[in-house]
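The values are calculated or read from the model by the stated rules, or taken from the named source; none is laboratory data. Nothing here was measured: the structure is a model prediction, and the numbers come from that model. We place every Cβ from the backbone using ideal geometry, glycine too, and count neighbours over all the protein chains shown. Keep in mind that these areas ignore ligands, DNA and RNA; they rest on the heavy atoms of the full protein, side chains included. Shrake-Rupley method; radii C 1.70, N 1.55, O 1.52, S 1.80 Å.
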Amino acid sequence: MQIHMMFLRKLVRTGSLLFFLTLLLIFSCVTASCFAADTVTSAKKVFRAGTGICDVSPTEFPVPINGLFQLRYYDKLHDPLNVRAIAIDDGTTQFVFATVDTCFFLEPFANEIKRMVHEKTNFPIDRISISATHTHFTPTIPFGPRTSAESKYTWKVIDGGAQAIIMAIKNLQPAKVGWAIGREPRHVFCRRVLMQPGTAKSPNHAFTGSRGDVAQMNPGRSSNNVMPTGIPDQNVYVLACTTLDGKPLAVLANYSTHYAGGVTDISADYFGVFARRMGELLNAPKGFLAVMTNGTSGDANSSNFFDPKQKKADLDIVGDDVAQAALKAYKTIEFKDWLPVTACQEKLTLAVRRSTPEQVELAKAWLKEVKEKNKPFSLDDSYARRTIRLSTAEPTRTIILQTIRIGDLGICTYPGEVFSFTGHDLRAYSPFKTTFVISHANGNNGYLPTAEQFYLGGYTTWRGTSAFEETAEPKIRAQFLEMLNKIAK
């Protein structure tokens, strides 16, 4: 004590006491400020997630069904159709993933849902992704006025979509988040096959714009099959959220098989089975929601055309097997209290493939003969009609591209049917540890084959099936990679 007092008296005599006290005060303030800053930063770093679902099953029958070349009518429901939505929020950026159990929809349909959500919640329109699962057993959804009889069901889905998304936003709660990758190779194979010369079946090239077809989609198990034209993605991507006490809250999954089938009634296909099974396998509480999105399935489905012994799996088998693979991945996730969320939306204008006056005249002559001679339906009929429609199409179309980052996971949402190569290339050059693709998002623009695939021809490259110029896919992919790098910074 005497030493301390002597030290202080010396400081007073030398005039250094004031300096010492000033230093002490500054140190105290800085320490307090740092502590306060850490407290605020920690308070901001709260991850939240919310879920919403709305049943949009038709109640009036029969209904016209999408998914094949000829119009079908179904009058029975095999399983419910839903709009499912998962909202996420890192404290700075919010985003909503929504899926609709339907084959496809046009951009105005998605835009109307987003507009309604924004009007009621002020949620940013460019932070909503709405994708079709691409089940082939659901009613058509032509977009038109509410007074239009044919679009009555469409407006039911639009209202249900807005309701599900708003519910997910309102249900946001503190959560943990993580992701992992599973694998299910038994139900995803390349459905585009290189054929022996002259054996690929195709309509009149004047109606399809093909240079000549050497590839065929779904050729059956034939000795004419040479080799698949792509390597499908066998992964099951799983983004999951739990409550703070570890209870399952939400699963957003992605798999790249086209659809499974096995039903003759209205159905959400394996996408619906997966959603139900995940809840059962996780023994999830009320409020849990699982969503299966369609991946790079433009050239993939569940049929192996090089294995004569393979038995075609149906929606229940595929849905359950993919859910089991997702569960295995889920159990490996190290859930985090917080991960950064970043999103980017941009637009890209592309040229549309239009038919020439000469091709239109050939199409009109063909359809006239079909009518006069009462010929049975053929693919030529379908593509002749498309040839006439495309002669008056706008020369360009602008599409919406979205990228989302969640920690070290990158997601791209494509407005069309994407081939497996696109996903492989994005993953190879992406700045993120894992990247996957949600297809059929924010509008439908047909197939998006790589430029090389047009030289092989086949259904997924025909004009009227693939909307854009042959260089569209590399342009889209290049812009997506720029966007991924932008949100990685």
Degrees separating the helix 107-121 axis from the principal Cα axis of the chain, which is the longest one: 30
Per DSSP, loop chymotrypsin sites (Phe, Trp or Tyr not before Pro) in segment 321-410 with at most 11 further Cβ within 10 Å: 377
In sequence order, calculated HN-Hα J values of segment 342-358 (Karplus, 6.51, -1.76, 1.60; Hz; x Gly/Pro): 9, 9, 9, 10, 9, 10, 9, 9, 10, 6, 9, 7, 10, 8, 8, x, 5
Dipole of the chain, positive direction: furthest Cα of 66, 94, 294, with charges on the beta-carbon: 94
Size of charge dipole - segment 421-478 - debye, nearest 20, with Cβ of Lys, Arg +1 and Asp, Glu -1, no other charges: 200
Total charge dipole magnitude, segment 168-217, about the Cα centre, Cβ charges on Lys, Arg, Asp, Glu only, Debye to nearest 20: 200
HN-Hα J in Hz across segment 316-330 - Karplus 6.51, -1.76, 1.60, θ = phi - 60°, x for Gly and Pro: 5, 5, 5, x, 5, 5, 5, 5, 5, 5, 5, 4, 4, 5, 4
Positive-end extreme of charge dipole, the chain - chosen from 272, 195, 242 (charges on Cβ): 242
Computed over the chain: relative contact order in percent, which uses C-alpha pairs under 8 Å that are six or more apart: 17
Radius ratio Rg over Rh of the chain, counting only Cα atoms, Kirkwood formula for Rh: 1.12
Cut-off under 5 Å, modelled amide H: who pairs with residue 254 long-range: 237, 293
Column: log10 I(q)/I(0), Debye, Cα scatterers of segment 217-320, q = 0.12 Å⁻¹: -0.49
5 angstrom amide H check on residue 66, placed H, neighbours 5+ away: 138, 140
Sequence-separation-based contact order of segment 313-458, relative, with Cα cut under 8 Å and 6+ spacing, percent: 22
Electrostatic dipole magnitude of segment 61-148 [Cβ: Lys, Arg +1; Asp, Glu -1; Cα centre; debye, to 20]: 220
Aspartates and glutamates whose Cα lies under 17 Å from that of residue 311, excluding same-chain neighbours fewer than 8 positions away: 184, 320, 321
For segment 113-208: span of alpha carbons on each principal axis (Å, largest first): 58, 45, 24
Rule-of-thumb Rg ratio for segment 348-489 [Cα; 2.2 N^0.38 Å; N residues]: 1.26
Karplus (6.51, -1.76, 1.60) ³J(HN,Hα), θ = phi - 60°, over segment 57-74, in Hz, Gly and Pro reported as x: 5, x, 10, 10, 10, x, 10, x, 10, 7, x, 9, 6, 9, 5, 10, 10, 10
Lysines whose Cα lies under 18 Å from that of residue 433, excluding same-chain neighbours fewer than 8 positions away: 336, 486, 489
Using alpha-carbon coordinates, inclination of helix 17-44 to the longest axis of the chain, degrees: 20
Computed over segment 439-489: relative contact order in percent, which uses C-alpha pairs under 8 Å that are six or more apart: 36
Helix 2-14 vs. the chain, principal-axis angle (Cα, 0 to 90°, nearest 10): 80
Sulfur and carbon atoms: percent of accessible area, the chain [1.4 Å]: 57
For residue 106, residues with placed amide H under 5 Å, excluding near neighbours: 444
Residue 76 - accessible surface, heavy atoms, 1.4 Å probe, Å² rounded to 10: 110
Using distinct alpha-carbon pairs, which all enter the 1/r mean, Kirkwood radius of segment 46-146 in Å: 15.1
Above-threshold pairs, the threshold being 19 Å between Cα atoms, out of 170/286; 45/176; 45/328; 76/286; 247/328: 45/328; 76/286
